[in-house]
Amino acid sequence: MIARALPIPAYTQEIIEGLTSPRKALPCKLFYDELGSTLFEEITRLPEYYLTRTELEILETSSQEIVRTAGSPAAVVELGAGTARKTATLLAAIVRRQIAVKYLPVDISPSALGEAKRRISAEVPGALVRPVVADFGQGFGFLGELPSPKLVLYLGSSIGNFDLSDAIAMLRAVRRQLLPGDCLLLGTDMVKSPAILLPAYDDARGITAEFNRNVLRRINREFGANFDLDSFRHLALWNKAGSRMEIYLESSRPQKVTLKLTGTVVEFGNRERVHTENSYKYNRSMILNMLSDSGFTLAKSWFDSRKWFGLHLARA
């Protein structure tokens with residue numbers, strides 16, 4: 001039997017450079033294969049993971065005011081939509097105001113987008129759902145092709161996965177595809193006690209740890225690698241000076257890993273770490289500066305009852 005060659009993933013160079021650099025790192029977009037998307041949905045329901053609940057609280061209490069402030073969009077585009085679990089509340093408020101709206105959920109995971117389309121089509125009949133499978137690294141040209149006024153959603157504090165300079169560059173790229181008066185609704189997790197933050201990224205059941213290690217499982221599958229998942233420990237650390245949670249996988253022993261697809265051999269020392277994700281936590285001045293530097297003007301912010309999470313409407 002002839003072995004079938006593995007396809008070369010588009011992000012191969014990122015993987016090789018990340019694993020062979022002095023400070024090993026992997027892009028967090030690798031989290032969201034089919035299993036990763038399922039695990040993340042499970043994370044959002046964990047008692048320790050407050051982010052989804054607090055953002056949903058804001059949407060449930062403030063969607064009508066958000067829509068009044070934003071106006072009447074011809075199209076709503078959600079970047080990193082996932083399964084769009086929280087978005088129905090906002091779309092329903094828009095449909096009550098204007099009967100119908102085009103909704104384009106954008107994500108790197110086709111399986112998550114399939115669930116998003118089923119959910120929104122069932123819960124908000126006035127929303128015309130058109131999923132877009134995309135990697136933001138390829139740009140936001142599709143935004144410029146849509147009618148204005150547009151409302152772009154970037155919820156869930158996904159912006160927090162970017163270093164501050166990269167976050168501004170990403171928002172500037174979005175801004176270049178918008179017309180004056182188009183709006184951005186940005187979700188941010190706010191700075192709070194490490195006693196709240198740390199369990200949110202290292203839950204008692206170990207679901208977040210499994211989600212993190214799934215990056216290695218995916219590389220095993222797509223690159224023919226031989227990562228021993230049990231020899232990598234999930235590590236979540238609060239960096240106060242950087243105002244971010246830092247997520248790592250830490251090798252429990254010296255080991256070598258081979259990626260057959262590329263012939264790459266990666267050596268790990270005992271307790272050597274691979275950085276897999278940052279999650280920045282914001283204060284008001286950080287948010288104002290980020291939006292201003294990106295070409296947006298903040299119109300209004302909404303917070304949950306404990307001010308743990310914020311939604312910020314900004315105009316291009």
Please state which one of I108, I99, I66, I94 is hydrophobic (A, V, I, L, M, F, W, C) and at positive phi. I99
The one condition in (1) outside any helix (DSSP H, G or I); (2) touching a Gly at 6+ places or on another chain (Cβ under 9 Å); (3) surrounded by 16 or more Cβ atoms within 10 Å (Cβ to Cβ); (4) modelled with pLDDT of 95 or more that L261 fails to fulfil: (4)
Could you check region 131-147 and list, in sequence order, the residues that are exposed (fewer than 15 other Cβ atoms within 10 Å of the Cβ) and in a loop (DSSP other than H, G, I, E, B)? D135, G139, E145, P147
Only one of E41, E57 is without any contact (Cβ under 8 Å) to a residue 60 or more places away in the chain and part of a helix (DSSP H, G or I), namely E41
In region 267-313, the residues that are hydroxyl-bearing (S, T, Y) and closer than 30 Å to I219 by Cβ: T276, S279, Y280
Criterion first (at pLDDT 90 or above and not in a strand (DSSP E or B)) does L128 satisfy it? no
Tabulated pairs, region 156-179, first assigned by TED's automatic domain parsing to the domain that holds D107, second β-branched (V, I, T), C-beta under 7 angstrom, 6+ apart or interchain: S157/T188; I159/T188; G160/T188; A167/I159; V174/V152
Within the bounds of region 240-248, is there any residue that is assigned to a strand (DSSP E or B), under 21 Å from P9 (Cβ atoms) and touching a residue at least 60 places away in the same chain (Cβ under 8 Å)? no
How many residues of region 278-306 are assigned to a loop (DSSP other than H, G, I, E, B) and out of contact with any strand residue (DSSP E or B) (no Cβ under 6 Å at 6 or more places or on another chain)? The answer is 6
Given the structure, is R217 in contact (Cβ under 8 Å) with a residue 60 or more places away in the chain, over 18 Å from the mean Cα position of the chain (by Cα) and in the same structural domain as C28 (by TED's automatic domain parsing)? yes
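The values are calculated or read from the model by the stated rules, or taken from the named source; none is laboratory data. Since we're looking at a predicted model, the values are computed, not measured. Every residue, glycine as well, gets a Cβ built from its backbone with ideal geometry; the counts of neighbours run over all protein chains shown.
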